[in-house]
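**Q** One structure, pasted below without further comment.
The values are calculated or read from the model by the stated rules, or taken from the named source; none is laboratory data. On a predicted model such as this, the values are computed, not experimentally measured, just so you know. Every residue, glycine among them, receives a Cβ derived from its backbone with ideal geometry; neighbour counts consider all protein chains shown. Heads up: the accessible areas ignore ligands, DNA and RNA and are worked out on the full protein's heavy atoms, side chains in. Shrake-Rupley method; radii C 1.70, N 1.55, O 1.52, S 1.80 Å.
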Amino acid sequence: MSRIGKAPIEVPSKVEITIDGNVVTVKGPLGQLTRTFRPEVEIVRDGNVVYVNRRSEDRVSRALHGLSRTLLNNMIVGVDKGFTKQLEMVGVGYRAQVQGRKLVMQLGYSHPIELDPPAGIEITVEANTKIAVKGYDKQTVGDIAAQIRAYRKPEPYKGKGVRYAGERVRRKAGKAGKK
């Protein structure tokens with residue numbers, strides 16, 4: 001049996017959850033999320049605790065059990081506390097700033113790169129080289145952070161580029177010098 005799937009999910013007092021068949025709506029202080037879960041899993045509420053059960057013991061149900069529980073837990077944590085991804089820019093002249101809601105980055109190209117975040121996502125910049133992506137939907141936060149990183153991935157020779165905070169970039173030796 002799935003160890004993750006059978007763990008109960010505590011619902012905080014600030015969060016209200018509505019279960020309508022396989023459609024779950026979670027509303028909290030930061031926003032509202034709705035997700036339709038697969039019919040192989042059943043979501044049951046018992047007071048302020050939610051359980052995810054599988055309807056059968058076949059392979060697909062077992063595979064979806066832990067996934068569904070994690071997705072539901074991320075929805076509850078997201079509307080209650082939110083999620084943050086930190087990025088840092090390494091390189092001479094690399095900088096970022098927020099103009100209105102739009103993120104404008106100088107990444108060594110001939111033009112600035114602008115990113116307009118979707119609703120529910122907030123981007124902040126500290127010290128011109130540190131970017132924080134915040135939001136209540138974990139998947140969207142990760143997607144936007146990955147999109148920012150993809151504009152200039154860290155390269156292995158000098159380590160320049162946009163990387164996640166704490167990400168280690170494996171460095172390669174350059175060309176061997178002449179003797």
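**Q** Test residue 42 against the criterion of being in a loop (DSSP other than H, G, I, E, B) and over 21 Å from the mean Cα position of the chain (by Cα), and give yes or no.
**A** On the way: in a loop (DSSP other than H, G, I, E, B): no; over 21 Å from the mean Cα position of the chain (by Cα): yes.
Against the criterion (in a loop (DSSP other than H, G, I, E, B) and over 21 Å from the mean Cα position of the chain (by Cα)), residue 42 does not qualify.
**Q** Let me ask something else. Look through region 49-107, keep the residues that are over 30 Å from residue 23 (Cα atoms) and of a type in the set (Val, Ile, Thr), and return whichever of them is most open to solvent (accessible area, probe 1.4 Å).
**A** Among them, the one singled out is 92.
**Q** Give just the number: which of (1) under 14 Å from the mean Cα position of the chain (by Cα); (2) within 30 Å of residue 17 (Cα to Cα) does residue 148 not satisfy?
**A** Only one criterion in (1) under 14 Å from the mean Cα position of the chain (by Cα); (2) within 30 Å of residue 17 (Cα to Cα) is unmet by residue 148, namely (2).
**Q** Further question on the same structure: Checking residue 77 against (1) within 21 Å of residue 120 (Cα to Cα); (2) touching a Phe, Trp or Tyr at 6+ places or on another chain (Cβ under 6 Å): exactly one of these is not met. Which one?
**A** Result: residue 77 passes all but (2).
**Q** Any residue at all in region 14-34 that is touching a strand residue (DSSP E or B) at 6+ places or on another chain (Cβ under 9 Å), in a loop (DSSP other than H, G, I, E, B), hydrophobic (A, V, I, L, M, F, W, C) and surrounded by 19 or more Cβ atoms within 10 Å (Cβ to Cβ)?
**A** Within region 14-34 (the criterion being touching a strand residue (DSSP E or B) at 6+ places or on another chain (Cβ under 9 Å), in a loop (DSSP other than H, G, I, E, B), hydrophobic (A, V, I, L, M, F, W, C) and surrounded by 19 or more Cβ atoms within 10 Å (Cβ to Cβ)), the answer is yes, since at least one residue qualifies.
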